[in-house]
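Take a look at the structure below.
The values are calculated or read from the model by the stated rules, or taken from the named source; none is laboratory data. None of the values given here were measured: they were computed from a predicted structure. Cβ placement follows ideal geometry from the backbone for every residue including glycine, while neighbour counts extend to all protein chains displayed.
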Amino acid sequence: MKLFSRITTTDRTPIFFGNDTFSSIDRLVYNMRPSDIFILVDPNTREHCLPHLIEKTRCLENARVIETGEGESSKTLANAEKLWNELMASGANRSSLMINLGGGVVSDLGGFVAAGYQRGISYINIPTSLVGQADASIGGKTAVNLGNIKNQVGFFYPARAVFIMPLFLKTLPEKHLRSGLAEIIKTALISDANLWRKILRNPVRRLLQKPVESRFWFDLIAGTVKYKNKVVVQDYRECKLRKVLNFGHTVGHALEAFSHIRPGNLLLHGEAVAAGMICASYLSHLKAGLAVEELDAIKTYLAKGFPVIPVEISSIPAVMQLMMHDKKEHKGELQFTLISKPGHPLMNVSCENREILEAIEFYNSLSGNNYPANQ
């Protein structure tokens, strides 16, 4: 199926969506006339995505390629400093352009490096993962982790453009597609009850069997992108409305960070967010009036589609401590984005520690329903 380019524009960043946007990259870069171009990749995108990008875009034939490592462990100040030194050694200046070709880690790190180098150089995001296409590359948030705390140091610094091409999803292992699907489910739960019902009729396993170039995936990603753009346009610096996007992320970020501290079950971002959404749904039932039938539908769908890895009792204090370092903490209380029903979010709902512990216990109780690890 031929998927035509669609363009959505915020007040800061044009977003080009579709598999035929390579010519748009050429036009944009030609009009920008950068002094030089740097392409940030990780080992996977260097092997699987960079050759296709170079082949299709004449403007990038002479671009310099710089590489970072894979995964959250690459999002550090030390790694940012390494990349700044590479840019400086290569003669990068205020007129240089950085192109971030990769998933959410590359978008976050590359945007952070661009924002900090010589007080800011231009950058373009070309997300290649589902997490990147549905969420991380959009909205101008750039960040690195500080110690074990996710996204603790960063800037609001908008990209000059974002190019979303679903064809790059063909390069992903299934577990990374599953991870990105969590962000799409999150968007449905906070914004569109009809979309949530549509997803609910398609188990995660069935969704992952659909070709990534199909209209179904195209529409899921496009709808998620349009909703996030709508929110970002209204609240770029996350003072009010943009907090709605945090559904599932308060607990999710803590679980993801903790999995990097303790060896064993390392969680992908979407896997942690899925766990966080189960906890947030329980809190929504407790604090926001979410019907028990809706809670049951959400937890059953997510528990069958994503790995349920119980939080050990001995680990709960450390997880709670990580949550207290989260940016959503206010005057010693954790504030959550919850839902009263699908499509009806509530922001800044304060929850007591005992309520959060109940939510974690609720999540732990689902471990017997976990899907087989090889599926």
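Here are the criteria: (1) in contact with a strand residue (DSSP E or B) (Cβ under 9 Å, 6 or more places away or on another chain); (2) within 20 Å of Asn151 (Cβ to Cβ). Tell me which single one Ile261 does not satisfy.
Condition (1) is where Ile261 drops out.
Please go through the range 159-168 and pick out each residue that is surrounded by fewer than 24 Cβ atoms within 10 Å (Cβ to Cβ) and either modelled with pLDDT of 95 or more or assigned to a strand (DSSP E or B) (or both).
Residues satisfying the conditions are Arg160, Ala161.
Any chance you could count how many residues in the range 64-85 are of a type in the set (S, T, N, Q) and either outside any helix (DSSP H, G or I) or in contact with a Pro (Cβ under 9 Å, 6 or more places away or on another chain) (or both)?
Step one: list which residues in the range 64-85 are of a type in the set (S, T, N, Q), which gives 68, 73-74, 76, 79, 85.
Checking which are either outside any helix (DSSP H, G or I) or in contact with a Pro (Cβ under 9 Å, 6 or more places away or on another chain) (or both) leaves us with 68, 76.
The qualifying residues number 2.
Report every pair of residues separated by at least 6 positions or lying on different chains whose Cβ atoms are under 6 Å apart, first residue within the range 205-223 and within 15 Å of Glu174 (Cα to Cα) and in the same structural domain as Ile184 (by TED's automatic domain parsing), second surrounded by fewer than 16 Cβ atoms within 10 Å (Cβ to Cβ) and of a type outside the set (Asp, Glu).
Lys210/Phe216; Val212/Lys170
Each row is one residue, and each column tells you yes or no for (1) farther than 19 Å from Pro14 by Cα; (2) touching a residue at least 60 places away in the same chain (Cβ under 8 Å).
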position	(1), (2)
Asn85	yes, no
Ser95	yes, yes
Gly102	no, yes
Tyr117	yes, no
Tyr123	no, no
Ile126	no, yes
Gly132	no, no
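Let me spell it out: the conditions are (1) within 18 Å of the chain's Cα centre (by Cα); (2) within 25 Å of Ser340 (Cβ to Cβ), and Asp192 meets all of them except one. Which number is the exception?
Among (1) within 18 Å of the chain's Cα centre (by Cα); (2) within 25 Å of Ser340 (Cβ to Cβ), the lone unmet condition for Asp192 is (1).
Could you tell me whether Ile15 is under 22 Å from Gly110 (Cα atoms) and modelled with pLDDT of 95 or more? Spell out how you get there, then give the answer.
On the way: under 22 Å from Gly110 (Cα atoms): yes; modelled with pLDDT of 95 or more: no.
In short, no.
Can you name every residue in the range 262-306 that is of a type in the set (Phe, Trp, Tyr) and part of a helix (DSSP H, G or I)? Outline the logic, then answer.
Quick first cut of the range 262-306, residues of a type in the set (Phe, Trp, Tyr) only: 282, 301, 306.
Listed by number, the residues that qualify are Tyr282, Tyr301.
Is it fair to say Asn31 is under 22 Å from the mean Cα position of the chain (by Cα) and either not in a loop (DSSP other than H, G, I, E, B) or not assigned by TED's automatic domain parsing to the domain that holds Gln118 (or both)? Explain how you work it out, then say what you get.
Values: under 22 Å from the mean Cα position of the chain (by Cα): no; either not in a loop (DSSP other than H, G, I, E, B) or not assigned by TED's automatic domain parsing to the domain that holds Gln118 (or both): yes.
Against the criterion (under 22 Å from the mean Cα position of the chain (by Cα) and either not in a loop (DSSP other than H, G, I, E, B) or not assigned by TED's automatic domain parsing to the domain that holds Gln118 (or both)), Asn31 does not qualify.
Suppose the filter is at pLDDT below 95, at negative phi and either surrounded by fewer than 19 Cβ atoms within 10 Å (Cβ to Cβ) or assigned by TED's automatic domain parsing to the domain that holds Leu241 (or both); does His344 pass it?
Values: at pLDDT below 95: no; at negative phi: yes; either surrounded by fewer than 19 Cβ atoms within 10 Å (Cβ to Cβ) or assigned by TED's automatic domain parsing to the domain that holds Leu241 (or both): yes.
Here the answer is no, as His344 does not meet what is asked.
On the basis of being at pLDDT 95 or above, assigned to a helix (DSSP H, G or I) and over 22 Å from Val244 (Cα atoms), does Glu355 make the cut?
no
Test Pro310 against the stated conditions and say whether it is surrounded by 16 or more Cβ atoms within 10 Å (Cβ to Cβ) and either outside the structural domain of Asp135 (by TED's automatic domain parsing) or not in a loop (DSSP other than H, G, I, E, B) (or both).
When the stated conditions are applied, Pro310 passes them.
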